[in-house]
1. Leaving ligands and nucleic acids out of the surface, order Ile40, Ile166, Ile53, Ile112 by accessible area at 1.4 Å, largest first.
2. Compare Met198, Met22 by solvent-accessible area with a 1.4 Å probe and give them largest first, with all protein chains kept in place.
3. Quick one: accessible surface of Glu96, probe radius 1.4 Å, all protein chains present, in square angstrom to the nearest 10.
4. With θ taken as phi - 60° and the coefficients 6.51, -1.76 and 1.60, list the Karplus ³J(HN,Hα) couplings across segment 4-16 in order, rounded to whole Hz; mark glycine and proline as x.
5. Under 5 Å between amide H atoms, partner at least 5 residues away or on a different chain: which partners does Thr178 have, H built in plane at 1.01 Å?
6. Heavy atoms only, probe 1.4 angstrom, no DNA, RNA or ligands counted: give me Trp37, Trp105 ranked by accessible area, highest first.
Amino acid sequence: MSVNIIPDPSITSFIGNLFPVMVTLGGIVLLKEKFGWIEIVGAALALIGTFIISYTGGTSLKTLFIAGTGVVVINALFATTATLIVKVHVKNISPELFNLNRYTWLLTFSVIAFYIYSPPATIPTKAFANISIGVFLEFIAILTVYYSYQFIDASRSAVVQTLKGIFVLIGAYLVFQTFPLLHQFMGGMVTVIGVLIMTLAQAGIFKSRPKLPN
């Protein structure tokens, strides 16, 4: 829905960087994952960047953010909830079973939505081929994400996933010849910098090293 509302998919992806921030907060509160002040600074930068991307210059609540921002935020909230649930149970349930469960529910709700809204059922051959490729790649992507939860904290995995915004930006430019406005691009870069700070802090890059004896 957000991609349908927002012309440039890279903007949707950058706003979606709220996801690792929400997962971080959920990991700290519910899963007792440890985060320091540097990670908090990174999360704050991600939030600031998201605000820059979404801000329209308006003063009222209706005109404050670009259309579609609320949909992305709701998506991030649902994705965070799903991530925390998977992280808790991934050691007892295989990633393949989680993925099968995900696609079963997707099929169920899609059939219900198709029945309610009755959209046109005709799909051009080229579009069907693109859809098939996209579905296969998404299946592999989600499966690898579930596998990552077996080895690293949910918050760390979410942080790494946020870098997809860079790939979406490049892909959108190559395929659709679209590019965000300057302030949206700068905001996206701020979110990525925030993510990198969180990632490097988790890797221990910013920890002080013990001095060697003389």
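The values are calculated or read from the model by the stated rules, or taken from the named source; none is laboratory data. Because the structure is a prediction, the values reported are computed rather than measured. Just so you know, the surface numbers come from the protein's heavy atoms only, side chains and all, with ligands and any DNA or RNA stripped out. Shrake-Rupley method; radii C 1.70, N 1.55, O 1.52, S 1.80 Å.
1. On the way: Ile40 105, Ile166 50, Ile53 0, Ile112 85 Å².
Heavy-atom accessible area, descending, gives Ile40, Ile112, Ile166, Ile53.
2. Met22, Met198
3. 90
4. Using θ = phi - 60°, the values come out as 5, 8, 8, x, 9, x, 5, 5, 4, 5, 5, 5, x Hz.
5. Tyr173
6. If we order Trp37, Trp105 from most to least accessible, we get Trp37, Trp105.
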